Structures are given as C-alpha cells and as structure tokens.
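**Q** First the structure, which I've put down as structure tokens, then a few questions once you've had a look.
The values are calculated or read from the model by the stated rules, or taken from the named source; none is laboratory data. All figures in this text were calculated on a predicted structure; none of them were measured in a lab. Every residue, glycine among them, receives a Cβ derived from its backbone with ideal geometry; neighbour counts consider all protein chains shown. When the accessible area is computed, the model is the full protein with side chains, heavy atoms only, and any ligands, DNA or RNA have been set aside. Shrake-Rupley method; radii C 1.70, N 1.55, O 1.52, S 1.80 Å.
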Amino acid sequence: MLTYLIILLDDTSASYCHYEVNRKKRRLISLEYLKKGIMFAMKENLNIQFVYPDYELPAEYLDAIDSIDHSDIKPTANGDSAEVVVVSGWDDEAPEGSTCIIHSSFEELTEHVAIVNDWLRRMIRLNVVLTDIEQFKDSDIDRYKKTLDALADGVIEEYRQGRSVQLNLLTDRLMLTEMNNCGSGDSNVTLAPNGKFYLCPAFYYEDEKQSVGDLKIGLNVKNPQLLRLDHAPICRQCDAYQCRRCIWMNLRLTMDANTPSHQQCVVAHLERNASRELQMKLEKAGIRLTGSQPIEEMTELEPFNIVNRWK
Ligand code: SF4
C-alpha cells in the first residue's frame, strides 16, 4: 500500500540511498509543483519526506513545506532540525544526536571502522549506504565479514555502556520479524523537480524518461504487483529481513525489478549472519534486547542455492 511520497526539492538534493546525484546544476522544483505534490499527498493520505539540497530554500517554499506534517532529509550543510542528515563524507563533522546516513564503498568502510564506532557514541542511528554492491565479488566476502565483526565490537561496547545504538548493517535485523525492504513503487513513490513521479530517485537520475505518471495525469505504475514482495518468489522466502531489496539495482543487474542479484543477496546474508553473531555475543554479555527473536543459523549466502527447500 502506498504510504509515503518523497519529494526531491532540487536536482542537487542529497542522495539518501544507493543512487548517485549526477547533477551539479540547481533545478529547484517550482512552487506550483511543490504545492500540487503536497495536495496529492493529502488526497492520497501519504506521509511526505522532503529531500533538500545544500542551500537555503526561499521563504515561500518553507511556508508550503510547513503547511503539512512531514519529515526532512537534509545534507549536513543544511541539516538543522532534520529528521535524517546525510553526511557528505568521512571527514565531515557528524551531527550529534541525529539519525545520519553516510555513503561508503566497502573499502572505505573497512578503513573507517573506528570512526563509525566513534559516531555511534554520539548519534541516535547511523545508516551506512554501500555504494559499490554491484562490484562486490565472492573474494570480498572474508574482508566484509571481518569489517562487520569489528563494527559489532563497537556496538557491543556501546550496549555495555547502556546505550542502545543503531547501526543499520547490524542492528536492524535484530529487531525485525518480517521483511522491511525499501518498497519503492509499492509503499513509496518520488516526485521529482520536473513534476513527474518516479519509482524512486534513482530512476529519475538515471533517465528522466522512466517516469510513472505526473501531477496532471496522476500516478501510473504499470503492473505494480511485479514490484511487490508477494510476487518475488525468492525474496518472499528469505529471512534477511533488513535487506533493502533494491528494485533499481535488481533491474540493472538482473533485468528484472523483482529478481535479486547475487551481490545483493550475498551482502545481505553476510549482514544477517553478522547480526546473529552480534545477538549471541550480546546474550553472552548478559544483554538481552526486548523484542529480539533468535536468528537461525544459516551457512548458505545465496538463496538460489536453497530453492529446493522452499518447494
Ligand atoms: S537477501 Fe536476496 S533473497 Fe533475501 S530479501 Fe535480499 S535480495 Fe531478496
């Protein structure tokens, strides 16, 4: 069910997910489109998430935004009072007491474990968005496992100090009992500065022609069931509940929005298994998380290899 409308306020709005913002030139959404987008969300009973560029918006835009309940995703340069702050890089001054997003390659993450552990002491939550999942190879498995282990040590230390830190790669799975995927085109759609709808911002930045309706004709997602979990025969059996199940990445790598790539599954399973290890270590340390259910042992990292078990 459609629940969220994401409004990109400018072509240079911060990326909050796997896609890259490949535009440097500002294109602020028109005030008319902004107001119509807000009206669309009101009529459809959708929650709005505004995604900001790194400059201050004109006062009339801020007034329109404040006319409706919403949440803000902002880059650090513009991050006052945002629900989610997108950190621009590892050298950035990470805001205290916030929910933050950092984009990172696997290699950078490995090199910055100490910084993640430091940030966790000060943030409410850190979401690490991996930027090179498409290039992930089986020869990278061991290195990523070790990185997750090192990150888990930092999480355990914070729990020992009585702080319930959240790091998406490790702690989300601990609290989930069902899939919590991105839901693009199903639970959320995006309105871009050109007044058109997209399954998510990634489709807009990749090619503006991939729109799924506009503010005049309304939303027009063709065969929306083909984006949903209940039509994804592999994912619906899976228990890597924290997986983003990115339909944009699926399309790029498997030519089908609902069929996952090997890379995405392996990475998600490494995180699932690292969450299990973390859960066991926390229990050993006498720390039991309310609502956390035991995660079964699983050695297979590729769901396609265990398809026979589901028949
Ligand atoms: S790990 Fe693979 S099968 Fe499981 S939800 Fe993610 S993409 Fe789907």
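**Q** Filtering segment 29-48 down to residues that are open to solvent by less than 50 Å² (accessible area, probe 1.4 Å) and either in a loop (DSSP other than H, G, I, E, B) or not β-branched (V, I, T) (or both), which residue is nearest to S13 (Cα to Cα)?
**A** I29
**Q** Next question. Return yes or no: is D186 within 16 Å of the chain's Cα centre (by Cα), assigned to a loop (DSSP other than H, G, I, E, B) and either farther than 24 Å from V84 by Cβ or touching a residue at least 12 places away in the same chain (Cβ under 8 Å) (or both)?
**A** yes
**Q** Output the number of the condition that N258 fails; it satisfies all remaining conditions of (1) polar (S, T, N, Q); (2) outside any helix (DSSP H, G or I); (3) open to solvent by 30 Å² or more (accessible area, probe 1.4 Å); (4) closer than 16 Å to N181 by Cβ.
**A** (3)
**Q** Does R236 fit the bill of being charged (D, E, K, R), under 20 Å from the mean Cα position of the chain (by Cα) and at pLDDT below 95?
**A** yes
**Q** What about Q242, is it out of contact with any Pro (no Cβ under 9 Å at 6 or more places or on another chain), of a type outside the set (V, I, T), in a loop (DSSP other than H, G, I, E, B) and modelled with pLDDT of 95 or more?
**A** Yes.
**Q** Which residues, counting only those in segment 130-149, are open to solvent by 90 Å² or more (accessible area, probe 1.4 Å) and closer than 26 Å to S15 by Cα?
**A** Listed by number, the residues that qualify are Q135, K137.
**Q** Among the residues of segment 250-299, count how many are within 11 Å of R173 (Cα to Cα) and either modelled with pLDDT of 95 or more or within 14 Å of the ligand (Cβ to nearest atom) (or both).
**A** 11
**Q** Kindly evaluate A14 against the criterion of being in a loop (DSSP other than H, G, I, E, B), of a type in the set (G, A, S) and modelled with pLDDT of 95 or more.
**A** Against the criterion (in a loop (DSSP other than H, G, I, E, B), of a type in the set (G, A, S) and modelled with pLDDT of 95 or more), A14 qualifies.
**Q** Please enumerate the residues belonging to segment 225-248 that are more than 9 Å from the ligand (Cβ to nearest atom) and either acidic (D, E) or under 25 Å from F106 (Cα atoms) (or both).
**A** If the condition is that a residue be more than 9 Å from the ligand (Cβ to nearest atom) and either acidic (D, E) or under 25 Å from F106 (Cα atoms) (or both), then D230, I247, W248 are the ones that fit.
**Q** Taking segment 75-91 as the region of interest, how many residues are crowded, with 17+ Cβ neighbours inside 10 Å and not aliphatic (A, V, I, L, M)?
**A** Residues that pass the stated criteria total 4.
**Q** Right, here's the next one. Within segment 160-192, can you find the residues that are out of contact with any strand residue (DSSP E or B) (no Cβ under 6 Å at 6 or more places or on another chain), farther than 14 Å from L278 by Cβ and crowded, with 17+ Cβ neighbours inside 10 Å?
**A** Once the filter is applied, which keeps residues that are out of contact with any strand residue (DSSP E or B) (no Cβ under 6 Å at 6 or more places or on another chain), farther than 14 Å from L278 by Cβ and crowded, with 17+ Cβ neighbours inside 10 Å, segment 160-192 yields M179, N181, C182, G183, S184, G185, D186.
**Q** Then there's this: With (1) in a helix (DSSP H, G or I); (2) open to solvent by 80 Å² or more (accessible area, probe 1.4 Å); (3) not hydroxyl-bearing (S, T, Y) as the list, and Q263 as the residue in question, which single condition is left unmet?
**A** Status for Q263: all satisfied but (2).
**Q** When you check Q210 against the structure, is it among the polar types (S, T, N, Q), within 27 Å of D132 (Cβ to Cβ) and either more than 21 Å from the chain's Cα centre (by Cα) or more than 9 Å from the ligand (Cβ to nearest atom) (or both), yes or no?
**A** Yes.
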